[in-house]
Amino acid sequence: MESKVCVTGATGYLGSSLVKRLLEKGHIVHATTRNLGDAYKVGLLKSLPNAETRLRLYEADIYNPSEFRAAIEGCQFVVHMATPLQHLPQNSQFKDTTEAAVAGVESIVECCITSGTVKRLIYTASVVASSPLKEDGEGFKDQLDESCWTSHGVAFAFSTDHLMAYASSKTASEKELLRYNGAIEIVSLALGLVGGGTLLSTMPGSELLGKVPILHVEDVCDAHIFCLEKPSINGRFLCATAYLSSAEIASHYRMIFPDIQIPDEFVEKLDRKIVWGSTKLKDAGF
């Protein structure tokens with residue numbers, strides 16, 4: 001059935017892939033981008049099949065979250081993928097990316113509720129907010145599932161200041177969003193490390209965190225569309241198809257591409273026996 005779907009962050013790796021799939025399925029898509037003057041990114045979306053008749057473009061910046069109101073108006077579903085990654089305090093009303101991300105979800109939820117049309121808000125979360133590290137930072141839980149949350153300020157394997165800030169941002173914004181479940185249906189899809197084909201000519205970098213859930217970009221799109229089309233669904237869901245250690249991934253690439261220089265720290269096996277314990281998405285019918 002045709003629906004109007006707003007996708008924030010629509011020109012990113014995941015966003016552009018999801019917009020393509022939604023257009024192919026016959027949905028009308030309200031896509032947001034930070035800059036409508038970016039000829040490459042805007043041109044990419046406009047070139048997608050069915051874009052001429054089913055795609056509407058809006059300029060909106062997560063650092064000015066009220067700008068999303070026009071894009072959300074009239075939609076039945078909102079997929080919130082936009083997230084602040086780089087922060088310039090001198091040019092922002094927010095002190096850091098965490099404050100900006102939380103303000104963003106608060107504003108977008110408010111827009112959804114007051115629109116009178118939005119049935120469900122789907123948030124593209126990340127497993128960096130789902131650490132199996134115990135709350136006190138001493139040891140690990142036996143499994144990774146929806147009960148796991150990343151504790152604020154606790155460092156983890158291979159962490160950097162940027163990664164710590166990203167984890168804090170994604171954790172705080174996801175928790176804030178889930179507080180609104182009930183006012184409308186809220187779905188949080190916490191994605192593992194995503195790989196696969198892209199519509200973009202460049203790709204953002206990623207870090208491996210000791211042991212990491214992974215999945216293909218097509219599975220990401222399938223999961224979002226499943227959550228759109230299911231008659232009723234809400235809550236937090238981890239989304240991944242495998243749970244591999246960085247050592248397993250690094251060893252594979254060393255074997256296939258021996259000329260690649262991989263730091264030894266990524267190849268060293270860590271003594272962790274954490275298993276993947278999430279079945280919620282599968283139990284829901286995915």
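Bear in mind that the values in this text are calculations on the coordinates, not laboratory data. Quantities reported herein were computed from a predicted structural model and do not represent experimental measurements. No Cβ is skipped: glycine too gets one built from the backbone with ideal geometry, and neighbour counts run over all protein chains shown.
Below, the figures for the structure above:
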item	result
Ranking of D222, D283 by count of other Cβ atoms within 10 Å, fewest first	D283, D222
Packing-based exposure ordering (other Cβ within 10 Å, fewest first) of S16, S232	S232, S16
Segment 25-102: relative contact order as a whole-number percent, Cα under 8 Å and 6+ apart	28 percent
R0 of 22 Å, Cβ-Cβ distance K46-S3: FRET efficiency to nearest 0.05	0.60
Fully extended contour minus Cα-Cα distance, from L36 to K119, at 0.36 nm per residue	27.1 nm
Convex hull projection area averaged over all views, segment 1-139, Cα basis, nm²	10.1 nm²
Neighbour-count ranking [beta-carbon atoms within 10 angstrom, fewest first] of V194, V102, V275	V275, V102, V194
Projected label distance in nm at D222 and A284, using a 7 Å step from Cα toward the beta-carbon	1.6 nm
Computed lengthening from F257 to S66, 0.36 nm per intervening residue step minus Cα-Cα distance	64.1 nm
Stretch gain in nm, segment K175-E138, where the contour uses 0.36 nm per residue and the Cα spacing is subtracted	11.1 nm
